[in-house]
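Trainee: My questions all concern the structure below.
The values are calculated or read from the model by the stated rules, or taken from the named source; none is laboratory data. Because the structure is a prediction, the values reported are computed rather than measured. Note: ideal-geometry Cβ built from the backbone for every residue, glycine included; neighbour counts use all protein chains shown. In case anyone asks, the SASA skips ligands and DNA or RNA and just uses the protein heavy atoms, side chains included. Shrake-Rupley method; radii C 1.70, N 1.55, O 1.52, S 1.80 Å.
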Amino acid sequence: MSAEPTSSEPSGPSGRRPAPDPPRPTPPAGATPGALVRWSIDVINSHDAASLRQAYAPDIRVRFPMRTVRSADELVAWWASVFTAVPDLTMTIEGMAEQGEGRSGEVFLRWRLTGHHTGGDWEGIAPSGARLDLDGMDHVVVEDGHVAGNFVVFDQMQFARQIGLLPADGSRLDVGLKTAFNALARRRARR
């Protein structure tokens with residue numbers, strides 16, 4: 001699997017990002033599944049939730065770690081809420097593999113999401129002000145030029161620690177919680 005650069009990746013020795021080219025208003029005509037996914041990531045980085053609808057089948061099903069979304073309208077609303085919660089959100093493609101022919105197939109994507117949780121609520125969690133740096137993977141199913149399904153995986157514990165919902169790994173509070181949990185587990189096992 002090779003890294004697929006996007007316009008959001010740093011370039012040059014300075015590490016500065018080039019001014020992003022605005023994504024096309026519509027997905028590229030006759031796009032392969034991989035090209036459609038790359039276009040979608042560019043649109044995500046422009047925070048244009050409404051334009052994403054063009055890439056989605058009306059009855060798209062996306063399974064996120066915290067819930068399942070079951071329509072294009074619901075998914076566009078989900079992205080709009082994420083862009084509000086993380087106003088500087090950036091997704092970078094770290095690796096991609098594609099299979100299929102023509103306008104149908106599957107894409108396996110490894111990504112990195114960065115930004116700050118300073119806007120609105122995200123999945124019921126009030127803005128924490130925390131910096132996010134998450135790794136994740138998607139398994140995207142494309143049928144006849146539209147994303148029909150996606151299975152999204154990312155480390156929720158990493159997310160929870162970054163926003164302060166869980167204590168930092170190895171902190172006194174973390175050690176105390178694990179000690180208490182282990183004592184409770186041993187007590188239950190003796191019953």
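Trainee: Compute, for segment 61-146, the length of the dipole vector about the Cα centre, with Cβ point charges of +1 (Lys, Arg) and -1 (Asp, Glu) only. Units Debye, rounded to 20.
Mentor: With only Lys, Arg, Asp and Glu charged at Cβ, the dipole is about 220 debye.
Trainee: Which of the listed residues, His146, Pro167, Leu184, is farthest toward the dipole's positive end in segment 142-191, when Lys, Arg count +1 and Asp, Glu count -1 at the beta-carbon?
Mentor: Projecting each Cα onto the dipole axis, the largest value belongs to Leu184.
Trainee: Given springs between every Cα pair under 10 Å in a Gaussian network model of the chain, which of Met96, Met157, Met137 has the largest fluctuation?
Mentor: Met157
Trainee: Could you tell me the accessible area of Glu98 in Å² (1.4 Å probe, neighbours in place), rounded to the nearest ten?
Mentor: 90
Trainee: Where the eigenvalues come from the Cα gyration tensor of segment 44-136, what are the semi-axes √(5λ) of the equivalent ellipsoid, largest first, in whole Å?
Mentor: Equivalent ellipsoid semi-axes, largest first: 24, 17, 12 Å.
Trainee: Rounded to the nearest 10 Å², what accessible area does Ile125 have for a 1.4 Å probe in the complete protein model?
Mentor: 40
Trainee: Something else: Given springs between every Cα pair under 10 Å in a Gaussian network model of the chain, which of Arg131, Arg67, Arg110 has the largest fluctuation?
Mentor: Checking each option, the largest mean-square fluctuation is seen for Arg67.
Trainee: Determine which residues of segment 114-150 fall in the zone a paramagnetic label at Arg53 would reach in this model, i.e. backbone nitrogen under 16 Å from the point 7 Å along Cα→Cβ.
Mentor: Within reach of a label on Arg53, which here means backbone N under 16 Å from a point 7 Å along Cα→Cβ, segment 114-150 contributes 147.
Trainee: When ligands, DNA and RNA are left out and all protein chains stay put, how many square angstrom of accessible area per residue does the chain have with a 1.4 Å probe?
Mentor: Value returned for the chain: 56 Å² of accessible area per residue.
Trainee: Which percentage, to the nearest 5, of the DSSP beta bridges contained in the chain is antiparallel?
Mentor: Rounded to the nearest five, the antiparallel share is 90 percent.
Trainee: Can you figure out the FRET efficiency of Arg188 with Ser104, using R₀ = 41 Å and their beta-carbon distance, to the nearest 0.05?
Mentor: Calculated transfer efficiency: 0.25.
Trainee: Computed from these coordinates, which is semi-axes √(5λ) of the Cα gyration tensor in Å: (i) 29, 20, 14; (ii) 33, 20, 17; (iii) 26, 18, 16?
Mentor: Correct label, based on the coordinates given: (ii).
Trainee: Something else now. Kindly provide the pair-distance distribution of segment 99-191 built from C-alpha pairs, with 5 Å bins from 0 and whole-percent values in order of increasing distance.
Mentor: 3, 11, 14, 14, 13, 13, 11, 9, 6, 4, 2, 0
Trainee: Tell me the mean residue ellipticity at 222 nm calculated for the chain from its helices only (DSSP H runs of n ≥ 4, each -39500 (n - 2.57), averaged over every residue, nearest 500).
Mentor: -9500 deg cm²/dmol
Trainee: While we're on this one: Work out which helices of the chain, taken as complete DSSP H runs, extend at least 24 Å along their axis over the Cα atoms and score a mean Kyte-Doolittle of -1.0 or more, then list them.
Mentor: 172-190
Trainee: Related question: Can you list residues whose amide H is under 5 Å from Gly95's amide H, if they're 5+ apart or on another chain and H is modeled 1.01 Å from N?
Mentor: Under 5 Å from the amide H of Gly95 lie the amide H atoms of Glu4, Arg110, each far enough along the sequence or on another chain.
Trainee: About the Cα centre, and with charges only on the beta carbon of Lys, Arg (+1) and Asp, Glu (-1), how big is the dipole of the chain? Nearest 20 debye, please.
Mentor: In total the dipole reaches around 1260 debye.
Trainee: With a Förster radius of 25 Å, plug the Cβ-Cβ distance of Lys178 and Arg131 into 1/(1 + (r/R0)^6) and report the FRET value to the nearest 0.05.
Mentor: Computed FRET efficiency for Lys178 and Arg131: 0.50.
Trainee: Using a 1.4 angstrom probe on heavy atoms only, work out the carbon and sulfur share of the accessible area of segment 62-191 in %.
Mentor: 53
Trainee: For the chain, set up a Gaussian network in which alpha carbons nearer than 10 Å are linked by springs, and say which option among Ser171, Ser71, Ser51 fluctuates the most.
Mentor: Evaluated over the chain, the most mobile residue of the options is Ser171.
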